[in-house]
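Please read the structure below before turning to the comments.
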Amino acid sequence: MTRLNPTRLQLTPLAVRVGKRGAVTLLIVVAAMLAVPSWLKWREQPKASESHRYLACVQVAQERYHATHSQYAKDVCDLDMLRPEPTFFAVGELTPGSSGNLADSWSLTLTRFGNTFLFGSYTVTFNENGFDALSSTIDKNLIGADFVAPTFTELASR
């Protein structure tokens, strides 16, 4: 049996001590740690966009309802929408918006449910003016270009 002499031990770089396999494993682990958050964001963005598309339909339907009834609807069921409820979000109640009266304002919040490891259970809120960033808790990294309301110039150029 060979005994190690502590005075003969030399300090060597980590890659030499763990060997080539250990260094490769370490590189793979570091690469995975950097890639996983981007991958999770990539997976969550279509779900966040689903909430925006649904709420944009509610906004258009609310404007049609307001044009014929002189106030906004109290219930989503009263709106003439063909879009089904979103798959990954719980739909809240239509409530009066900033004015406190459905005659001229409304608000609706969707709450994300299910497994969202990196982003948690976030909310997306729309009102008569569109996406309400102050009332929403959605991560800014999930907000795509479709969350920003188009300007009049952009609409006219379409």
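Restricting attention to the range 62-79, report how many residues are under 24 Å from the mean Cα position of the chain (by Cα) and exposed (fewer than 12 other Cβ atoms within 10 Å of the Cβ).
Result for the range 62-79: 0.
If ALA90 satisfies all but one of (1) in a helix (DSSP H, G or I); (2) among the hydrophobic types (A, V, I, L, M, F, W, C); (3) in contact with a strand residue (DSSP E or B) (Cβ under 8 Å, 6 or more places away or on another chain), what's the number of the condition it fails?
Failed condition: (1).
Give me a count of the residues in the range 94-122 that are outside any strand (DSSP E or B), closer than 17 Å to ALA61 by Cα and touching an Asp or Glu at 6+ places or on another chain (Cβ under 8 Å).
So in the range 94-122, the residues outside any strand (DSSP E or B) come out as 94, 96-106, 113-122.
Next, from what is left, pick out any that are closer than 17 Å to ALA61 by Cα: 94, 96-97, 102-106.
Still in the list and also touching an Asp or Glu at 6+ places or on another chain (Cβ under 8 Å): 94, 97, 104-106.
Residues that pass the stated criteria total 5.
Does the range 100-121 hold any residues that are within 27 Å of TYR65 (Cα to Cα) and either of a type in the set (S, T, N, Q) or modelled with pLDDT under 85 (or both), and which are they?
Scanning the range 100-121 gives ASN101, SER105, SER107, THR109, THR111.
Taking into account only those residues within the range 123-145 that are assigned to a loop (DSSP other than H, G, I, E, B) and free of Cβ contacts under 8 Å to residues at least 40 places away in the same chain, which is farthest from the chain's Cα centre (by Cα)?
Checked the range 123-145; the qualifying residue farthest from the chain's Cα centre (by Cα) is ASN129.
Of all residues in the range 80-118 being among the aliphatic types (A, V, I, L, M) and buried (at least 18 other Cβ atoms within 10 Å of the Cβ), which is farthest from HIS52 (Cα to Cα)?
Selected residue: LEU102.
Within the range 122-158, count every residue that is surrounded by fewer than 12 Cβ atoms within 10 Å (Cβ to Cβ) and modelled with pLDDT under 90.
10
The values are calculated or read from the model by the stated rules, or taken from the named source; none is laboratory data. Here the structure is a predicted model, which is why all the values come from computation and not from measurement. Note: ideal-geometry Cβ built from the backbone for every residue, glycine included; neighbour counts use all protein chains shown.
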